[in-house]
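Trainee: Have a look at the structure that comes next, please.
The values are calculated or read from the model by the stated rules, or taken from the named source; none is laboratory data. Not measured: the values here are computed from a predicted model. Please note: Cβ atoms are built from the backbone with ideal geometry, for glycine as well, and neighbour counts cover all protein chains shown. Each accessible area value is taken on the protein alone, full model and side chains, heavy atoms only, with ligands, DNA and RNA left out. Shrake-Rupley method; radii C 1.70, N 1.55, O 1.52, S 1.80 Å.
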Amino acid sequence: MVEYKVTVFTSNLATGSTFNNIFIKLVGTDGESKQTWLKSLKGALCFIRGSVSCFTVSCPTSIGKLVLIEIDKHSLPLFPEDSWFPAKVEVKSPEGDTYNFPIYRWITDSDVHRFREGTALTILEDNHHLGRYSRQQELKQREEDYRWAVYREGMPHCMKTENPLSLPCEVRFSFTKTTEFLYTASTGLTELGLKGLDRYKESWTDIDDINRVFCCKQTDISDYVQEHWKEDAFFGYQYLNGVNPMLIRRCTALPPNFPVTDDMVFIRGQCSLADEMEKGNIFLCDYKRLDGLKPNIINGKKQYLMAPLILLHKTPVDKLMPIAIQLKQIPADDNPIFLPTDSEYDWLMAKIFVRSADFNEHQLNVHLLRTHLLAEVFAVSLLRNIPMVHPLYKLLVPHTRYTLQINHLARLLLISEAGVFTKFAASGGDMMTILTRSLSSMTYSSLCIPDDIAERGLEAMPNFYYRDDGLKLWDIIHRFVKAILSTHYKTDDEVQQDSELQKWIGDIFEHGFLSQACTGIPQSLTTVTELVKFVTMVIFLGSAQHSAVNTGQYDYGGWMPNTPISLQLPPPTTKGTTSNATMLKTFPDVNTTVQGMATMWLLSKQSSDFVPLGQYPVNHFTEEIPHKIITDFQGELEVLSAIIKARNKSLEVPYTYMDPVVVENSVAI
Ligand code: FE2
């Protein structure tokens, strides 16, 4: 007889204990053990949360190298079936070898569950027939558990689920996350001290009233915003380091529908647009995606959402100043080009319409589509197509945490018929048009920050911290991904022949980008370089990019005049007709304002079980090399964090959203 020493680690999750009986079977290259009941002197306490329990499994002879284990859980006659969350199983063989089996999954039923030994193996590296068979079996089950659904035509496909509880346990929110999320969602208005105002369907009559509402919850940056929101330099700054740094681009020729002249924007003879464009000092923001939408009706009143064009000038002292705003796409007499030299309220109103357009563009295109919905596609494709033993699964699964559930909640609470955006955002009447337009104009290069910055001509833009921090983070993630994947893919052939990998990218192309080849998204992967870049993009989007466009939502949107969720008067059609009263009547009603504030508050709130970028409390890698690579990755992130903190000390408005300690591993809020 030979003995295998089996150690079972139960996770520390609050509800992770089981009092059921646990059985194990060891499967090796030369045979298998009997199904063995794991019992010890600890009795019922063997598998309580945080426990580490040791057992012995005996076999007549050695069963060779261990390939997998089979675990099943049976309830006792008088005890109900419960859910168990084992972290891992370690087995010491009679030959003296130690095998690790990462699990990190809920076992809720009495079926047999198979778990592979932790050595990462692509399908080409997995030579044993048992290993190959178990990959197939696992993926068959996963295809059942994770199904694609169409939420709306023209949008990326999503995870099929009726409600959060019908999601597979392994991707659901933890108890802590659920409690906190529901608490913040249901008490947002109370927490902000705004209860009662959510029923007040009247206009603001004094900006000081907004001030009083807002004073309940402020952040350092929202304070700053309240003080500086009217300033041109701050308006320009937000295109670089606010929550939407994705729209601005260098302008080399004026669009034909934006007839700005030198006389409008420069003191006669001082400089010309042509010269400044040539020097790379002119920038354009074009909200054409918002053109011609069906307006929302809020509190029985028609709302207004513009599709503005904005020209900005980088001054000799490196300030980015707006110099011309046209609020509608087609030039006309009743669509004036507003200028900083116009009356105070004409110019301010033009900027307010731009900021409101930016709220809608940011939330739907930049935030929802380009981070949340894509992250869900990457996650579902991973869970359907890549088995746990694959290095890509081990690398990416921590970056999918909570994404399926938060997106289900976003569809339910924000963009459904009764959702907050549908009811209270200017675009609420026609969100799907914005989303489908956004998807059809999305390109692969715009999702990869180095290409995106180059394409938008922003390499030399001063004070552009989103770019500075983002490019550094991209490089760090790229080095990490390359180090992990190049230990498995030595040649391009190995990438091409990995059928699981090809299925993963194929599903992303089909379900995420609706098979539109013009997006430039690869339909298959042909080289190691291409694979590394794509996986870098997947991690960057779900972590750094999401943080850049999510974390500052209350900072920049809490003070409503800076980012109105909707506007309820049309913009001026001639100059010289606006006043403080026009502005107040144009702002959203009190109830709309406070709903917007509470939502921004909820969406910016970090959960207490937040996992920062590069931290892997659930570690699927069991070998030394990936552990060393992870340690190097964490070291680089730490250095970057220190650099960002030092830089921020000298900034009037610190840019913190891409500091690795602020960035979450996955799209989780
Ligand atoms: Fe988000």
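Trainee: Which whole-Hz ³J(HN,Hα) couplings does region 536-545 yield from phi under the Karplus relation 6.51 cos²θ - 1.76 cosθ + 1.60, θ = phi - 60°, glycine and proline marked x?
Mentor: 4, 4, 4, 6, 4, 5, x, 10, 4, 5
Trainee: Additional query: Short version: ³J(HN,Hα) in whole Hz for each residue of region 568-576, in order, from phi by Karplus 6.51 cos²θ - 1.76 cosθ + 1.60 (θ = phi - 60°), x for Gly and Pro, what are they?
Mentor: Working through the residues one at a time gives 10, 10, x, x, x, 9, 9, 7, x Hz.
Trainee: So, one more: Around K88, which amide H atoms from residues at least 5 apart in sequence, or from another chain, sit under 5 Å from its own amide H, with H modelled in the peptide plane?
Mentor: HN-HN under 5 Å from K88: F9, I103, Y104.
Trainee: At 20 °C and a viscosity of 1.002 mPa s, what translational diffusion coefficient does Stokes-Einstein give for region 2-118, taking Rh as the Kirkwood radius over Cα pairs? Give it in µm²/s as a whole number.
Mentor: D, rounded to a whole number, is 151 µm²/s.
Trainee: Amide H to amide H, which residues 5 or more places from H113 or on other chains are under 5 Å from it, using H placed in the peptide plane?
Mentor: I71, D72
Trainee: Same structure again: Could you state the per residue volume, in Å³, of the convex hull enclosing the Cα atoms of region 315-439?
Mentor: 173 Å³
Trainee: Next up: Based on Cα coordinates alone, diagonalise the gyration tensor for region 213-359, multiply each eigenvalue by 5, take square roots, and list the semi-axes in whole Å, largest first.
Mentor: In descending order the semi-axes read 26, 21, 14 Å.
Trainee: For the chain, what % of the accessible area comes from carbon and sulfur atoms, probe 1.4 Å?
Mentor: Percent of accessible area from carbon and sulfur atoms in the chain: 54.
Trainee: Could you pull out every one of the lysines with an alpha carbon less than 20 Å from that of K25, ignoring same-chain neighbours closer than 8 positions?
Mentor: Reachable lysines: K5, K34, K39, K65, K73, K88, K92.
Trainee: One quarter of the convex hull surface, Cα atoms only: what value does that give for region 411-484 in nm²?
Mentor: Approximately 7.6 nm², given one-decimal rounding.
Trainee: Is region 43-176 rounded, prolate or oblate when judged by the Cα gyration tensor, a ≥ b ≥ c being the square roots of its eigenvalues, rounded requiring a/c under 1.5 and prolate requiring a/b larger than b/c?
Mentor: Oblate is the answer for region 43-176, as a/c is 1.5 or above yet b/c matches or exceeds a/b.
Trainee: Next question. Scan region 457-518 for trypsin sites (Lys or Arg not before Pro) in coil per DSSP, keeping those whose Cβ has at most 11 other Cβ atoms within 10 Å, and list them by number.
Mentor: Listed in order of number, the matching sites are K490.
Trainee: I would also like to ask the following. Solvent-accessible area per residue for region 495-651 at a 1.4 Å probe radius, Å²?
Mentor: Accessible surface, normalised per residue, equals 34 Å².
Trainee: With bins 10 Å wide starting at 0, give me the P(r) of region 390-524 over every alpha carbon pair, in whole percents.
Mentor: Each 10 Å bin holds this share of Cα pairs: 10, 24, 37, 24, 5, 0.
Trainee: For region 170-219, what are the per-bin percents of Cα-Cα distances with bins 10 Å wide, up to the bin holding the maximum?
Mentor: Each 10 Å bin holds this share of Cα pairs: 20, 39, 23, 13, 4, 0.
Trainee: Grab the DSSP H runs of the chain that are 4 residues or longer, score each as -39,500 (n - 2.57), total them, divide by all residues and round the 222 nm result to the nearest 500 deg cm²/dmol.
Mentor: -11500 deg cm²/dmol
Trainee: Return the sequence-ordered ³J(HN,Hα) values of region 491-504 in whole Hz as given by the Karplus equation 6.51 cos²θ - 1.76 cosθ + 1.60 applied to θ = phi - 60°, using x for Gly and Pro.
Mentor: 10, 5, 4, 5, 5, 5, 8, 7, 5, 5, 4, 5, 5, 4
Trainee: Also, I was wondering about something else. Can you give the accessible area per residue of region 2-118, in Å², using a 1.4 Å probe?
Mentor: For region 2-118, the solvent-accessible area averages 47 Å² per residue.
Trainee: Does anything in region 64-92 have its amide N under 15 Å from the 7 Å Cα→Cβ label point of V112, and if so which residues?
Mentor: 67-74
Trainee: When N counts the residues of the chain, how does its alpha-carbon radius of gyration compare numerically with 2.2 N^0.38 Å, as a ratio?
Mentor: 1.06
Trainee: Here is a further query. Counting heavy atoms of the protein chains only and a 1.4 Å probe, report the per residue accessible area for region 237-394 as a whole number of Å².
Mentor: 34 Å²
Trainee: Give me the net charge of A149's neighbourhood, meaning all other residues with Cβ under 15 Å from the Cβ of A149; Lys, Arg count +1, Asp, Glu -1.
Mentor: Every neighbour counted, the sum reads -3.
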